[in-house]
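The values are calculated or read from the model by the stated rules, or taken from the named source; none is laboratory data. Source: prediction; values computed, not measured. Here the Cβ positions follow ideal geometry from the backbone for every residue, glycine too, while neighbour counts run over all protein chains shown. Only protein heavy atoms, including side chains, enter the accessible area calculation; ligands, DNA and RNA are left aside. Shrake-Rupley method; radii C 1.70, N 1.55, O 1.52, S 1.80 Å.
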Amino acid sequence: MSLGTGVPFESPLSYQGAPSRRAAKNLPSAALFVRILYDYRAQGKFRLHDFVVMPDHFHVLLTVNRNISIERAVQFIKGGFAYRAGKELGLGFPVWQKGFSEIRIKDGIAFEGARTYIRNNPVVKHLAPTATEFPYSSAYPGFELDTPPQGLKPDREWDGSIDMAEAIS
């Protein structure tokens with residue numbers, strides 16, 4: 001399925017409360033979260049431009065396709081992770097806070113700013129000496145990412161956008 005062009009969104013998403021912090025610090029759960037992102041990317045739900053999985057939240061820079069809203073994309077990510085974490089890791093507590101925040105990325109400067117913020121999050125929080133040394137970040141070597149949309153401006157036929165999403169506990 002072609003995703004067309006769109007406007008990026010950075011969407012910071014958070015885990016809910018103390019139990020979720022334990023889940024996020026759990027290496028299998030962080031690795032599962034990354035797999036969830038790539039599973040939905042492979043299904044054409046969104047383009048993935050950058051991400052980081054932190055102990056109590058994550059950031060993702062993605063472009064949704066014309067058939068899906070940013071809210072629906074976040075629902076896939078959060079719901080898919082919660083379901084599979086319960087099934088595969090035996091996590092039975094609530095994983096997410098309700099809602100999320102998003103930032104619409106309107107130009108190349110904002111896009112690069114969001115990427116820099118996402119990639120440097122583990123360094124700022126003293127989880128890694130450099131962005132490329134944090135294994136649950138797209139800055140870590142080996143992760144395949146999608147290219148930014150052309151022009152970073154929505155066209156008249158495009159319903160979706162690129163968002164940066166974040167969730168915080």
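Hey, among the residues in segment 41-52 that are more than 19 Å from residue 140 (Cα to Cα) and not hydrophobic (A, V, I, L, M, F, W, C), which one's least open to solvent (accessible area, probe 1.4 Å)? So that I can check it myself, show each step before the final result.
Here is the first cut: in segment 41-52, the residues more than 19 Å from residue 140 (Cα to Cα) are 42-46.
Retained after the next criterion (residues that are not hydrophobic (A, V, I, L, M, F, W, C)): 43-45.
Numbers: 43: 103, 44: 11, 45: 53 Å².
Going through the qualifying residues, I end up with 44.
Answer yes or no as to whether residue 38 is within 29 Å of residue 132 (Cβ to Cβ), among the hydroxyl-bearing types (Ser, Thr, Tyr) and open to solvent by 10 Å² or more (accessible area, probe 1.4 Å). Walk me through how you get there before you give the answer.
On the way: within 29 Å of residue 132 (Cβ to Cβ): yes; among the hydroxyl-bearing types (Ser, Thr, Tyr): yes; open to solvent by 10 Å² or more (accessible area, probe 1.4 Å): yes.
In short, yes.
Being at pLDDT 85 or above and basic (Lys, Arg), is that true of even one residue in segment 11-32?
In the first step, residues of segment 11-32 are kept if they are at pLDDT 85 or above; the result is 30-32.
Checking which are basic (Lys, Arg) leaves us with none.
No.
Here is a list: 55, 122, 135, 129. Which entry is open to solvent by less than 60 Å² (accessible area, probe 1.4 Å), in a loop (DSSP other than H, G, I, E, B), at pLDDT 90 or above and not small (Gly, Ala, Ser)? Lay out the reasoning, then the answer.
Numbers: 55 fails: at pLDDT 90 or above; 122 fails: in a loop (DSSP other than H, G, I, E, B); 129 fails: open to solvent by less than 60 Å² (accessible area, probe 1.4 Å).
Unique residue meeting the criteria: 135.
Take segment 138-169 and flag every residue that is modelled with pLDDT under 90, aliphatic (A, V, I, L, M) and open to solvent by less than 80 Å² (accessible area, probe 1.4 Å).
Within segment 138-169, 152, 162, 164, 165, 167 qualify.
How about segment 96-119: which of its residues are outside any loop (DSSP other than H, G, I, E, B), open to solvent by 80 Å² or more (accessible area, probe 1.4 Å) and closer than 23 Å to residue 71 by Cβ? Talk me through it step by step, then tell me what you get.
Taking segment 96-119 and keeping what is outside any loop (DSSP other than H, G, I, E, B), we get 96, 101-104, 108-119.
Subset that is open to solvent by 80 Å² or more (accessible area, probe 1.4 Å): 103-104, 109, 112, 117.
The answer is 103, 104, 117.
In a helix (DSSP H, G or I), free of Cβ contacts under 8 Å to residues at least 40 places away in the same chain and among the aromatic types (Phe, Trp, Tyr): does that describe residue 76? Reasoning before the result, please.
Numbers: in a helix (DSSP H, G or I): yes; free of Cβ contacts under 8 Å to residues at least 40 places away in the same chain: yes; among the aromatic types (Phe, Trp, Tyr): yes.
The answer is yes for residue 76.
Write out, first by first residue and then by second, each pair whose Cβ atoms fall under 6 Å of each other, whose residues are 6+ apart or on separate chains, and whose first residue, in segment 110-131, is closer than 21 Å to residue 150 by Cα while the second is assigned to a loop (DSSP other than H, G, I, E, B).
Cβ pairs passing all conditions: 111/8; 111/105; 111/148; 111/152; 114/105.
Name every residue in segment 58-95 that is surrounded by 15 or more Cβ atoms within 10 Å (Cβ to Cβ), over 28 Å from residue 132 (Cα atoms) and touching a helix residue (DSSP H, G or I) at 6+ places or on another chain (Cβ under 7 Å), in order of residue number.
91
Of the numbered conditions (1) within 13 Å of residue 50 (Cβ to Cβ); (2) part of a loop (DSSP other than H, G, I, E, B), residue 141 fails exactly one; give the number of that condition.
Every condition holds for residue 141 apart from (1).
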